[in-house]
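Inspection log for the structure reproduced underneath, given as structure tokens.
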């Protein structure tokens, strides 16, 4: 199989994390590409021109992050991501959806600022920046409450929600990490300021083998 992605796509990195978590590194060849060009090589593979794209051994093309994650999760047991029992855990799914919304908004912000200055929309940039920092505060609050509850030996709704951001990687954690990782290409997203719990969480997740292994070649 071949997994196509760009060096900057957070969605492509998410699929690489899942690929490594599922132990599929020796079955999937990574192909680095570029998009948004007149001679975009992805267009010869799939008409949408988006990444990530997974080409199966029989030539079938899978395009879309959720679809690729679904396929990789089903390919090797045990199911851990979209095919796990967590799909019926609505409290967890709510956190996952919020983390995904954060990443989607940041992707819009990051794409907007690379447009020529005269074509950028200050309104879109301001809207997505407010959303990103608001959601960073939300996750900081969840993680901070969980840490306090753990230190005091108590539990509660906020602590239970935040606990789902710990332990083995879930899609909620992967989406949240992908959101925070956008800082590499969007320095204005300085989410670390005043958010120590989020900084600690990001540092821990960054050292996981699958996360380290998913870094594109140009990353420090």
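The values are calculated or read from the model by the stated rules, or taken from the named source; none is laboratory data. It should be emphasised that the depicted structure is a prediction, and the values quoted were computed from it without experimental measurement. Cβ coordinates were reconstructed from backbone atoms using ideal geometry, including for glycine residues, and neighbour counts include every protein chain displayed.
Every test in (1) in contact with a strand residue (DSSP E or B) (Cβ under 8 Å, 6 or more places away or on another chain); (2) touching a residue at least 60 places away in the same chain (Cβ under 8 Å); (3) surrounded by 19 or more Cβ atoms within 10 Å (Cβ to Cβ) is passed by residue 52 save one, and that test is (2).
If we scan the stretch 3-17, do we find a residue that is loosely packed, with under 13 Cβ neighbours inside 10 Å, out of contact with any strand residue (DSSP E or B) (no Cβ under 6 Å at 6 or more places or on another chain) and touching a residue at least 24 places away in the same chain (Cβ under 8 Å)?
Looking only at the stretch 3-17, we keep the residues that are loosely packed, with under 13 Cβ neighbours inside 10 Å, and these are none.
Checking the stretch 3-17: not a single residue is loosely packed, with under 13 Cβ neighbours inside 10 Å, out of contact with any strand residue (DSSP E or B) (no Cβ under 6 Å at 6 or more places or on another chain) and touching a residue at least 24 places away in the same chain (Cβ under 8 Å).
Condition first: touching a residue at least 60 places away in the same chain (Cβ under 8 Å) and surrounded by fewer than 16 Cβ atoms within 10 Å (Cβ to Cβ). Can you find one or more residues in the stretch 34-46 that meet it? The answer is no, given that none of the residues of the stretch 34-46 is touching a residue at least 60 places away in the same chain (Cβ under 8 Å) and surrounded by fewer than 16 Cβ atoms within 10 Å (Cβ to Cβ). All of (1) in a helix (DSSP H, G or I); (2) in contact with a helix residue (DSSP H, G or I) (Cβ under 6 Å, 6 or more places away or on another chain); (3) within 16 Å of residue 17 (Cα to Cα) hold for residue 67 with one exception: (2). Screening the stretch 170-209 for residues that are outside any helix (DSSP H, G or I) and closer than 12 Å to residue 107 by Cα and picking the one that is modelled with the lowest pLDDT gives 185.
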